[in-house]
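Readers should treat all values here as calculations from the given coordinates under stated rules, not as data from a laboratory. Nothing here was measured: the structure is a model prediction, and the numbers come from that model. Positions of Cβ are backbone-derived with ideal geometry, glycine not excepted, and every protein chain shown enters the neighbour counts.
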Amino acid sequence: MNQAPANILLITTHDSGRHFGCYGHPTVHTPAVDALAAEGCRLTNFFAGSPICSPSRACLFTGTYPQTHGVMTIANRAKGIALRSPQHHLAHLLKQAGYRTALFNHQHETAGEELLGFDDLHLHRPRAPADVVGREVASYLRQVGTPFFVEVGLNETHTPYDNSNTAADDSLGVEIPPYIIDNAAARAWMAGYQGMARRADEGIRSMLEGLARAGLAESTLVIFTVDHGIELPRAKWFLYDPGLAVAFVCRWPNGGIRPGSTCDLLTSNVDVMPTVMELLGQPRPVHAQGVSFAAALRGESTAPVRSEVFGFQTGYEMRCVRTDRYKLIHNFERHPPCTCPGDVAKPRQEQPCSPLVELYDLRDDPCETRNRAEDPDLSAVRRDLTGRLRRWMREQNDPILQTSLCPDAFYHEAVALLTRDVVG
């Protein structure tokens, strides 16, 4: 049970949040992901480090926060937006440990996949649909030697939802998230998402069947996760839970991960890299900022992994800290990049103003609609969370504490609040 797995298959989708059947969304047809959860462990309290692609994926694969890994917005070679230390990528670490490393379809965690430590690159430009990628991965698994690390970046469920002639899917009905308006546009949008999710699942099924045919299902640690939330108002681009709450499912029959188990402990995708290294029996990298939850996956411990998770968004600058019950968001710019109302036909329309501070009681207000930052009953909670957020930002040498692209009165007041709201 304690031996390292021979192989790792790590699959990601784009912009899916937790919109899968096994996460309580019965209209989303994802039998392969659901079966993976039934055969392994499903995390129910797992969050991305950022609500946009590249910063979150860099957190996942390096075990560090955006201020440290350096990918604070969408990776771009021409603009020099790339990992500061590509040797910290999981592929690099595992290659040094003797693994054969391969990347399929695409990566979005940096500019320049040739620097990440992959032996084999099977890339598609433009990105290929999941069914094509799934067959390629299955073929590779029948031929590659062991041990291996295979990273698969599926393009689904990124918009446009009709990409590669993907059909919308309302065969099981359509579920409208509670934070948007239920109208014809929303239903068409979600049917489009469900079609993309179904196609992603077909590709994942092909990969898992390929593992089984190669006789590798028992000895392979399979991880499925998502970069951030679905492309909807209050989800992607935002630090509300629909933007940061993501799926994480893993299976490893030979590694002590119990079938059908769940882990409700608060965890972050910055914790994944150190977790994988511990599961493999590899030393913890000195640069890792995440916390391993390997013992929780194996059912060996129910002790909390961490007391809070953090969220980072730039472009429209905001940071957050979240505990099991509360979330505090600090906004450093006045205008967010898309609306809070549920008009999915105009997801990037600006709203006129954002508050400096947002505080939500997630137990009583899971959709984060009642800002209680000025509620005297939660003043102690606000001070506590502000202190945690400020310490984290200082530890990360967060650049927003020094300068802003919009250094107006709103920004200066936001920075001042980080000190003024903390006692002592």
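At R0 = 60 Å, how high is the FRET efficiency between residue 370 and residue 132 if r is their beta carbon distance? Nearest 0.05 is fine. Spell out each step's value before the answer.
Numbers: r = 45 Å, r/R0 = 0.76.
Efficiency for this residue pair is about 0.85.
For the pair residue 261 and residue 291, what calculated FRET efficiency results from E = 1/(1 + (r/R0)^6), where r is the Cβ-Cβ distance and R0 = 22 Å, to the nearest 0.05?
So the FRET efficiency works out to roughly 0.70.
Taking Kirkwood radius over Cα pairs in Å as the quantity of interest, determine which of [x] 21.7; [y] 25.9; [z] 23.5 was computed from the displayed structure.
It is the one labelled [x].
When the dipole is taken about the Cα centre of the chain, and only Lys, Arg (+1) and Asp, Glu (-1) are charged at their Cβ, what size is it in debye, to the nearest 20? Can you show the working numbers first?
Details: 41 positive and 48 negative charges, 155 e Å.
Computed about the Cα centre, the dipole is about 740 debye.
What distance in nm lies between label points placed 7 Å from Cα along the C-beta direction at residue 303 and residue 142?
Rounded to a tenth, the inter-label distance reads 4.7 nm.
As a test of the formula, what do you get for the chain when each DSSP H run with n ≥ 4 contributes -39,500 (n - 2.57) and the sum is divided by the residue count, at 222 nm and rounded to the nearest 500 deg cm²/dmol?
The helix contribution divided over the chain gives -8500 deg cm²/dmol.
Taking a point 7 angstrom from the Cα of residue 397 along the C-beta vector, which residues in the stretch 30-67 have backbone N less than 12 Å away?
67
In the chain, how many lysine pairs have Cα atoms under 27 Å apart, counting only pairs 8 or more places apart or on different chains?
4
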